[in-house]
1. With the condition kept exactly as written, say whether any residue in the stretch 440-457 is in contact (Cβ under 8 Å) with a residue 60 or more places away in the chain and within 26 Å of the chain's Cα centre (by Cα).
2. Only one of 487, 428, 424, 470 is surrounded by fewer than 20 Cβ atoms within 10 Å (Cβ to Cβ) and either away from ligand 1 (no atom under 16 Å from the Cβ) or farther than 22 Å from residue 556 by Cβ (or both). Can you tell me which?
3. Any idea which of (1) surrounded by fewer than 23 Cβ atoms within 10 Å (Cβ to Cβ); (2) under 30 Å from residue 173 (Cα atoms) is the one residue 372 doesn't satisfy?
4. Answer with yes or no whether residue 163 is under 17 Å from residue 225 (Cβ atoms) and either assigned to a helix (DSSP H, G or I) or in contact with a helix residue (DSSP H, G or I) (Cβ under 7 Å, 6 or more places away or on another chain) (or both).
5. What are the residues in the stretch 80-102 that are without any contact (Cβ under 8 Å) to a residue 40 or more places away in the chain and under 18 Å from residue 238 (Cβ atoms), if any?
6. In the stretch 396-433, which residues are at pLDDT below 95, in a loop (DSSP other than H, G, I, E, B) and in contact with a helix residue (DSSP H, G or I) (Cβ under 7 Å, 6 or more places away or on another chain)?
7. Pick out the one residue from 510, 519 that is within 13 Å of ligand 1 (Cβ to nearest atom) and part of a helix (DSSP H, G or I).
8. Cβ-Cβ below 6 Å, separation at least six or inter-chain, first residue in the stretch 566-595 and in contact (Cβ under 8 Å) with a residue 60 or more places away in the chain and under 14 Å from residue 613 (Cα atoms), second assigned to a strand (DSSP E or B) and more than 16 Å from ligand 1 (Cβ to nearest atom): which pairs?
Ligand code: SF4
Ligand code: ZN
């Protein structure tokens with residue numbers, strides 16, 4: 001079997017080489033020479049990562065193409081063939097991109113660095129446990145079922161080939177937020193996913209381009225991918241499969257084909273057949289050896305982060321609460337264990353059932369009472385902030401805002417599917433318990449729907465919000481007796497350690513000190529660990545002996561010491577998912593800050609993507625640093641270097 005695969009791949013390489021020569025001629029005639037793929041600092045990424053050659057002009061493509069063919073002539077074993085196909089496919093796609101007049105299409109095509117960084121934290125903390133590629137041909141019915149199953153399992157799915165077209169034809173939501181991404185209709189475009197996955201090694205892994213073996217090993221072990229191929233497997237699909245297998249990505253096919261096992265690459269089969277569509281996703285997950293836990297409340301709707309970003313528009317709304325239309329608020333409060341009737345949902349209001357059934361608008365006060373032996377008052381806002389996610393993850397439910405400016409909508413479709421007011425409570429009790437299992441032993445939800453009640457209780461709630469804010473605002477690095485680390489990104493960036501203090505949140509923006517503290521209580525062996533402060537060695541730069549010891553140990557000895565409040569002297573390391581980059585502008589004796597979504601140029605002649613490429617991977621780069629958005633307004637922002645007055649440039653949007 002494998003020999004056949006190799007033979008076919010050879011043929012595909014020949015075909016593509018012919019096409020490449022044609023394209024080279026056309027492109028040269030047009031006088032196109034240098035090029036840049038959209039939103040990447042890595043040239044043609046796969047070639048740059050593995051070979052260390054950054055290709056940015058057509059002449060270099062021509063030379064590298066020759067080089068591949070020459071290497072293949074010398075040795076055409078499995079490794080060389082797989083690599084040759086990957087490179088040649090990538091070159092072919094790049095030339096087509098250069099040659100293409102209108103670069104806008106419905107499909108995603110080449111995937112930029114920004115998306116890799118944005119999804120970084122989700123990839124490492126398990127919110128996205130795997131990446132799937134669906135390719136080939138399948139009818140819409142089966143396809144949608146499989147896509148839903150993958151969405152519910154939180155797997156990021158790329159579609160290539162006729163399945164991509166099929167999905168777009170349905171009216172289903174797609175895009176990165178929906179976890180379903182139609183890449184393109186040509187099978188070669190599978191390489192765009194490979195290209196993207198490989199960049200994780202550079203962006204997070206701190207690998208140096210050209211360290212071929214280390215990078216291949218990184219992708220095989222750390223990037224959880226699998227592919228499912230539907231329908232007849234043509235020659236191109238075979239070559240793609242070889243490329244996937246080379247990166248230890250198992251391919252599940254619905255055709256009758258013998259299993260392929262390659263011990264040098266993975267200890268699981270790399271080609272597996274499964275004809276039953278209701279089992280095919282499970283088969284893929286099993287084969288790759290993934291454990292995926294799905295926490296879903298018992299409601300008649302699909303549920304999961306893939307449905308979080310979906311909007312419910314006015315005309316699709318069955319009923320809405322809050323949003324300045326009716327009084328509303330949401331509050332989590334800690335109670336004694338004895339005070340709570342566990343998992344009970346109380347709906348309080350006159351004739352609430354018939355009022356709900358009518359639809360339209362309704363007041364709503366949500367109070368979630370929680371109790372637990374390890375619960376603390378400080379965790380109330382941490383849990384409360386999750387209400388947003390809990391409700392949004394239900395398909396057809398929409399939530400924005402928080403506290404007393406919240407706004408909830410239930411779509412007509414969700415109502416038709418049978419969603420009741422009580423289900424809102426069910427979502428909140430189930431998910432609070434699931435997510436905060438080790439701090440919340442009991443939970444109870446009150447839903448108030450009478451105007452007067454909501455207004456009165458909202459006043460009470462406002463007092464509590466205020467108290468909390470005061471407590472938080474007063475919290476300084478000096479006040480607390482310990483900080484917290486975050487090691488979540490180590491699964492991608494093994495040398496990176498985030499130290500999170502009250503005045504310096506994690507650089508991805510996902511963790512404040514309180515979040516990290518709660519996370520530690522929730523999962524004492526998890527990614528957030530207490531860091532004892534030790535002695536304060538330098539109050540201006542923010543250097544503590546306890547932090548130094550911790551960082552040295554957990555960076556594997558790579559980082560000896562860090563200053564919490566400096567970019568110049570031993571700054572904190574960066575992984576790859578920072579919200580913003582701070583960079584020194586020497587001629588202005590100041591710093592600039594650029595946010596991840598900004599694609600324009602900065603005054604130092606580098607775009608976000610280029611800057612980001614210089615600082616990831618858990619190394620200290622004096623003069624450059626990744627930070628969380630909220631650190632910018634902290635009193636400790638670059639305190640050692642002069643603070644906020646040193647900022648000389650930011651994009652308007654930031
Ligand atoms: Fe990664 Fe730091 Fe965010 Fe943790 S806080 S997820 S280590 S960037
Ligand atoms: Zn990170």
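The values are calculated or read from the model by the stated rules, or taken from the named source; none is laboratory data. Values in this document were obtained by computation on a predicted structure and should not be read as measured data. Ideal geometry is used to build each Cβ from the backbone, glycine not excepted, and the neighbour counts take in all protein chains shown.
1. Of the residues in the stretch 440-457, the ones in contact (Cβ under 8 Å) with a residue 60 or more places away in the chain are 440-451, 453-455, 457.
Those still in the list that are within 26 Å of the chain's Cα centre (by Cα) too: none.
No, there is no match, as no residue in the stretch 440-457 is in contact (Cβ under 8 Å) with a residue 60 or more places away in the chain and within 26 Å of the chain's Cα centre (by Cα).
2. 470
3. Just one mismatch for residue 372, condition (2).
4. The answer is yes for residue 163.
5. Across the stretch 80-102, the qualifying residue is only 80.
6. 402
7. Checking each option against the conditions leaves just 519.
8. From the stretch 566-595, the pairs are 580/593.
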